[in-house]
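Engineer: One structure is given below, represented as structure tokens, and several questions about it will come after.
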Amino acid sequence: MSEVKTHSPMYRQILATPAALSGSYGAMESVARSILSTPEIFRVRRIVLCGSGDSFFAAKAVEWPAAHLTGIDVVSLPSLEAARYRSTLGREQDLRSTLVVAISSSGEAARTVEAANRFRRRGALVLAMTAAPESRLARAASRVFSLPVPQLPAAPGYGPYLFSMVALHLLAFRLAEVRGSMTMDKAQLWRQELQVRLDELPRVHEAVDAVCADLATRYRHLPMFEFLGSGPAAAVAQFGMAKMLEAVGTHALAQDVEEWAHLHFFTRSPHDTATVLLSPLGSGAESRAKELLTYLERLERPTIVVADEQLAEAAAASGFDVIPVTTKIGELLSPVHFSAPMAFLASHLADLTGAEYGRGCRGPWESAAGGGAVRNSAILGD
């Protein structure tokens, strides 16, 4: 590994995250078990997960797993939609059976604070999920799930995103267990599975790091990246897009696997568009992803397939670049492992191109310094 890559803040944050997660897992599990009372859990008929940026992607990653495991209607929303559109819908008696999980690592994202305020005023039970228990978001909420995120190198986020994702999974396991959607033994098996997958992260990092470094060298000249995924992988696609924008500054988009065939298929510059296709083991979108490979091959698009070992081998045999994820992680928890290649790819591209994270928050980007563009926005009342 080169000196620059080894010591860049984003790269160091990626490497520091697995140990931080494993070391904090027990504390997060304990909070998830006690944060809501049994009567409160039984009262829940709808769950709203909301946040912005990485916090929203973490919510999106757990939306389907939470609904699948708990049997409750679960929706993930960007914070503005949650605050100014969804919080105004429904009868107050229905909102009293709604659990809102408002996610912001800093606890200061203005729109997420606004969503928490509005939902709570209308009677919802609002749980703040934040690493800042004294923040505005914490004060706006009914309860605070304090994330034990340690001090990590300042860079486009990977660690805080995974902390939020893990906490949301643990909360879903608890809700499912208490409501009888799964047995206590089954819930404990899920907790153990998640812990095992976190313990495997260093091995995932070791397996994908050099592959991503090589791909970054070969894809560095491309002006556009598209990330494709469905289900939980849609969140990983959005996370990949975000890291490309934040770390590198390269134009990037995220799209659902099916919707790509309706829309992005038709770009006039296929040779200039890097396409990252995500397909975890057992994905409900796997058959459609395989069909897209045929189209991508005809378009001669530069394509990276991030997939389980079997699909990755088939894609490599067809001439595609691949990042195999060989841990046989199932779709439900797949973002825990599949997010790593997204972070490494962006980190290596930033190092190769000399890009400053967030454009250094200078010149026309100076309003983003200290998170000002998202923290200082006016918070509206009802």
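Engineer: Which condition does PHE163 not pass, out of (1) open to solvent by less than 30 Å² (accessible area, probe 1.4 Å); (2) out of contact with any Ser or Thr (no Cβ under 7 Å at 6 or more places or on another chain); (3) among the aromatic types (Phe, Trp, Tyr); (4) closer than 22 Å to ILE304 by Cβ, if it passes all the others?
Structural biologist: Just one mismatch for PHE163, condition (4).
Engineer: Restricting the stretch 304-336 to residues that are among the hydrophobic types (A, V, I, L, M, F, W, C), part of a helix (DSSP H, G or I) and without any contact (Cβ under 8 Å) to a residue 40 or more places away in the chain, which is most open to solvent (accessible area, probe 1.4 Å)?
Structural biologist: ALA317
Engineer: Any idea which residue in the stretch 54-87 is farthest from ARG179 (Cα to Cα), counting only those that are open to solvent by 40 Å² or more (accessible area, probe 1.4 Å), of a type outside the set (Phe, Trp, Tyr) and touching a residue at least 60 places away in the same chain (Cβ under 8 Å)?
Structural biologist: The qualifying residue farthest from ARG179 (Cα to Cα) is ARG84.
Engineer: Any chance you could count how many residues in the stretch 9-46 are free of Cβ contacts under 8 Å to residues at least 60 places away in the same chain and open to solvent by less than 10 Å² (accessible area, probe 1.4 Å)?
Structural biologist: Qualifying residue count for the region: 0.
Engineer: If you check SER283, SER339, which single one turns out to be assigned to a loop (DSSP other than H, G, I, E, B) and closer than 30 Å to PHE163 by Cα?
Structural biologist: Of the residues listed, the single one that is assigned to a loop (DSSP other than H, G, I, E, B) and closer than 30 Å to PHE163 by Cα is SER283.
Engineer: Now for a separate question. Just give me the residues in the stretch 75-113 being among the aliphatic types (A, V, I, L, M), modelled with pLDDT of 95 or more and more than 16 Å from the chain's Cα centre (by Cα), in sequence order.
Structural biologist: LEU80, ALA82, ALA83, LEU99, VAL100, ALA109, ALA110, VAL113
Engineer: Could you tell me which residue of the stretch 171-222 is nearest to LEU352 (Cα to Cα), considering only residues that are of a type in the set (A, V, I, L, M, F, W, C) and not in a helix (DSSP H, G or I)?
Structural biologist: Per the stated criteria, the residue is LEU222.
Engineer: Scan the stretch 223-235 for residues that are within 15 Å of ALA247 (Cα to Cα) and either assigned to a helix (DSSP H, G or I) or aromatic (Phe, Trp, Tyr) (or both) and report the count.
Structural biologist: 1
The values are calculated or read from the model by the stated rules, or taken from the named source; none is laboratory data. Bear in mind that the values here come from a model prediction, so they are computed numbers and not experimental data. Note: ideal-geometry Cβ built from the backbone for every residue, glycine included; neighbour counts use all protein chains shown. Accessible surface is based on the protein model in full, side chains and every heavy atom, while ligands, DNA and RNA are left aside. Shrake-Rupley method; radii C 1.70, N 1.55, O 1.52, S 1.80 Å.
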